[in-house]
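**Student:** Sharing a structure with you now.
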Amino acid sequence: MSIIVRPIDNDAEAAQHGFISAYAFDGDRSEAAMALRSEYYPRDWLLGAFDGQELVAGLAIIPFEQFFEGVRIALGGIASVSCLPERRRQGFVGALLREALVRMREAGQPLSALHTPHPALYRRFGWETAGRAALYAFAPKRARPRVRPNGGAWRRVDAASWTELNSVYETHYAPRNGALSRDERRWRNHVFSDYGKGTHDAAVWFGDGGRARAYVVYRTQRKPVAGSFLAETTLRVIDWCALDAEAYAAVIGYLAGHDLADKVIMFAPAEEPLGLALDDPSCIETPTALWHGPMLRIVDVPHAIEARAAGVGGHGIEVVIEVGDETAPWNAGRWRIAAHAGRLSCVRSSQPAAAAMDVRGLAAIYNGATCPEDAVRAGLIEADRRALDALTALFATTYAPFCADDF
């Protein structure tokens with residue numbers, strides 16, 4: 001057996017790549033589905049692992065930019081990681097992930113992220129859980145906003161209005177931490193529809209000045225109730241944004257207006273102040289469903305660190321850290337991290353390290369998902385008190401990370 005990893009370069013290989021992914025994830029393997037797949041996974045994103053001439057595993061590297069408190073950082077989104085079942089545990093996926101890291105570094109993507117229900121697998125290759133997300137559920141008949149909007153109006157829209165939604169999206173998320181840039185392809189195929197299938201409802205709220213200040217994208221689902229002729233109706237919010245208190249109240253009021261639904265489910269940050277915005281927060285079902293968001297990978301240590309802003313209060317602070325990285329050895333070694341004029345610098349150092357971590361520990365604190373002290377408690381970092389205080393100041397963030405996109 002010889003493992004060769006290279007880009008997909010013809011239609012036959014692209015079709016096999018799609019088949020492997022659909023087979024692995026129990027997806028639609030029809031000819032129409034395979035044709036549709038090329039719209040949301042263009043060929044130049046695809047990487048394949050071959051045994052000789054046979055394609056047996058694949059993944060996609062989606063080019064994103066991640067918003068990080070006023071800056072955008074290039075990020076490779078790893079998706080559709082799949083392998084034929086008879087060829088699993090033979091090194092093909094590992095070879096794919098190693099080659100993906102090389103290619104993302106060469107493409108100037110210092111960060112990578114992926115979604116997975118199997119975090120232990122990807123931790124072996126340097127990805128780490130680095131955020132939380134939540135589902136909030138409430139009965140619309142009981143939901144009332146605490147603030148009453150002073151005028152404004154909703155307008156129903158479709159995918160042709162994606163730029164209006166994107167304006168609200170970027171205004172909201174650009175100063176925050178963890179959201180991904182969206183182009184027209186992503187809005188049409190992943191927000192207004194589910195990977196190009198079906199159509200979601202959408203509405204934009206315009207305030208008194210006529211400016212778009214909120215939006216909601218959603219779908220309604222009906223599920224039969226066992227042993228009854230009745231069905232439960234759920235309004236599932238796919239995506240939403242609200243730029244201020246009035247816009248937030250408008251969103252709650254709009255969802256509450258769907259009072260024929262039994263339940264509204266909203267995807268949001270774990271720290272979302274929904275309970276504060278509701279007149280009666282007891283209408284939120286408990287417990288709220290919580291899980292980790294996308295896993296984060298530091299592809300290129302110095303470029304990733306220098307791309308983000310320094311933590312507030314970090315000015316003039318510096319620390320030398322030792323980083324281990326078996327999968328991307330260019331990251332391994334000692335690095336001196338320092339803050340000056342709101343920015344971070346990261347250069348090789350021969351000085352003794354005051355803190356030690358592998359690349360997973362660095363990912364956990366990089367975007368503020370985990371405070372350095374908790375990373376020490378979890379065994380991801382070793383540091384003395386002085387180094388711990390320095391890391392806390394250098395990597396502090398204003399916002400906890402959150403990504404609304406599945407990919």
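Every number here is computed from the coordinates shown, using simple stated rules; none is lab data. Note that the structure is a prediction, hence the values are computed from the model and not measured. Counting neighbours? That spans all protein chains shown, and the Cβs are built from the backbone with ideal geometry, glycine included.
**Student:** What FRET efficiency comes out for A33 versus S350 if R0 is 56 angstrom and r is the Cβ-Cβ distance? Round to the nearest 0.05.
**Tutor:** The pair A33/S350 has a calculated efficiency of 0.50.
**Student:** Quick one: in segment 39-118, what % of C-alpha pairs are over 18 Å apart?
**Tutor:** 44
**Student:** Oh, and also: Evaluated at 10 °C with a viscosity of 1.306 mPa s, what Stokes-Einstein diffusion coefficient in µm²/s does segment 295-394 have when Rh comes from the Kirkwood expression over alpha-carbon pairs?
**Tutor:** 121
**Student:** What fraction, in whole percent, of alpha-carbon pairs in segment 1-93 exceed 21 Å separation?
**Tutor:** In whole percent, the long-distance tail amounts to 34.
**Student:** Can I ask one more? In nanometres, what is the gap between the two model label sites at D158 and V312, each 7 Å from Cα along Cα-to-Cβ?
**Tutor:** It is 4.5 nm.
**Student:** Residues in segment 100-142 near a label at R88, defined as backbone nitrogen under 12 Å from the 7 Å Cα→Cβ point?
**Tutor:** Hits in segment 100-142 for R88 at 12 Å: 118.
**Student:** Still on this model: V5's amide H: which non-local residues (gap 5+, or another chain) put their own amide H closer than 5 Å, with H modeled 1.01 Å from N in plane and none for Pro or chain starts?
**Tutor:** Here F50 satisfy the definition.
**Student:** Which log10 I(q)/I(0) values, to two decimals, does segment 138-285 give at q = 0.12, 0.14 Å⁻¹ under the Debye formula with one point per Cα?
**Tutor:** Normalising to I(0) and taking log10 leaves -0.51, -0.69.
**Student:** Report Rg (one decimal) and Dmax (nearest whole number) for the chain, counting Cα atoms only, units Å.
**Tutor:** 22.8, 73
**Student:** Sort 353-366, 122-135, 278-291 for me by packing, meaning the mean count of neighbouring Cβ atoms within 10 Å per residue, highest on top.
**Tutor:** Answer by packing, highest mean first, reads 353-366, 122-135, 278-291.
**Student:** Per residue, how much space in cubic angstrom lies within the convex hull of the C-alpha atoms of segment 221-364?
**Tutor:** Spread over its residues, the Cα hull of segment 221-364 gives 191 Å³ apiece.
**Student:** Turning to a different aspect of this structure: Amide H neighbours of H200 under 5 Å, counting only residues 5+ apart in sequence or on other chains, H built in-plane at 1.01 Å?
**Tutor:** Sorted by chain and number, the residues that satisfy this are S193.
**Student:** Still on this structure, I have one more. Starting from the amide H of A328, placed 1.01 Å from N in the peptide plane, find each other amide H under 5 Å away whose residue is 5 or more places distant or on another chain.
**Tutor:** none
**Student:** For segment 27-95, which trypsin sites (Lys or Arg not before Pro) are both in a DSSP coil and crowded by at most 11 other Cβ atoms within 10 Å?
**Tutor:** R89
**Student:** Report ³J(HN,Hα) in whole Hz for each residue of segment 81-87, in order, from the Karplus equation J = 6.51 cos²θ - 1.76 cosθ + 1.60 where θ = phi - 60°; Gly and Pro get x.
**Tutor:** 6, 7, 8, 4, x, 6, 10
**Student:** May I ask you to order 381-387, 63-69 by the average number of other C-beta atoms within 10 Å around their residues, highest value first?
**Tutor:** 63-69, 381-387
**Student:** Just want to confirm a number: the relative contact order over the chain, from Cα pairs under 8 angstrom separated by 6+ residues, in percent.
**Tutor:** It comes to 18 percent, rounded to a whole number.
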